[in-house]
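The values are calculated or read from the model by the stated rules, or taken from the named source; none is laboratory data. Just so it is clear, the model here is predicted, and its values are computed rather than measured. Glycine gets a Cβ as well: all are built from the backbone with ideal geometry, and neighbour counts include every protein chain shown.
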Amino acid sequence: MTEMYERLRERLDEFPNGFPRTESHIELEVLGHLFTPEEAETAVSLALSPEPVSAIAQRMCRDESKLGEQLYGMSKKGLIWRRKGPDGQYQYGLVPWAFGIWEFQLKHLTK
């Protein structure tokens, strides 16, 4: 399980503001608190810019309907980006830790 969170950490570290590894590995505990292992696996597969569920499902070899439900749930938890595309369908993408996941979590805490 720790391996999946390390993969997600590496993916988040690809953003310009990064998500560096620490000596204590506390970042993996934080990710484990926010993401289920299944959500982490999905997040690792997301592009850095939003794309339709159909494209993500094809790339991941997953059922589009079930993946769409998971992505929507992850976006409601503030883990990923969601927007409506030009066709009116939701699009999803990975967001950075800072100016992304962190701020979305703060928003959820203040509700």
Number of positions in the stretch 1-42 that are under 12 Å from the mean Cα position of the chain (by Cα) and small (Gly, Ala, Ser): 1
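I want to confirm something. Restricting to the stretch 30-39 and keeping residues that are hydrophobic (A, V, I, L, M, F, W, C) and more than 13 Å from Gly73 (Cα to Cα), which single residue is surrounded by the fewest Cβ atoms within 10 Å (Cβ to Cβ)? Spell out how you get there, then give the answer.
Going residue by residue through the stretch 30-39, those that are hydrophobic (A, V, I, L, M, F, W, C) are 30-31, 34-35.
Those left that are additionally more than 13 Å from Gly73 (Cα to Cα): 30-31.
Numbers: Val30: 17, Leu31: 24.
For the stretch 30-39, the residue satisfying everything is Val30.
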Is it true that Glu14 is charged (D, E, K, R) and over 14 Å from Val95 (Cβ atoms)? no
Consider the stretch 43-57. How many of its residues are more than 11 Å from the chain's Cα centre (by Cα), surrounded by fewer than 16 Cβ atoms within 10 Å (Cβ to Cβ) and in contact (Cβ under 8 Å) with a residue 12 or more places away in the chain? 2
Among the residues of the stretch 67-91, write down those that are among the acidic types (Asp, Glu) and closer than 14 Å to Leu48 by Cα. none
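Being assigned to a helix (DSSP H, G or I) and either closer than 20 Å to Asp87 by Cα or aromatic (Phe, Trp, Tyr) (or both) is the filter here; which residues of the stretch 44-65 pass it? Don't jump to the end; show me each part of the working.
Quick first cut of the stretch 44-65, residues assigned to a helix (DSSP H, G or I) only: 44, 53-60, 64-65.
Correct list: Val53, Ser54, Ala55, Ile56, Ala57, Gln58, Glu64, Ser65.
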What pairs come out if I take residues in the stretch 58-78 that are closer than 12 Å to Glu39 by Cβ and of a type in the set (Ser, Thr, Tyr) and pair them with residues that are crowded, with 18+ Cβ neighbours inside 10 Å and at pLDDT 95 or above whose C-beta lies under 8 Å away, six or more apart or interchain? Ser75/Tyr92
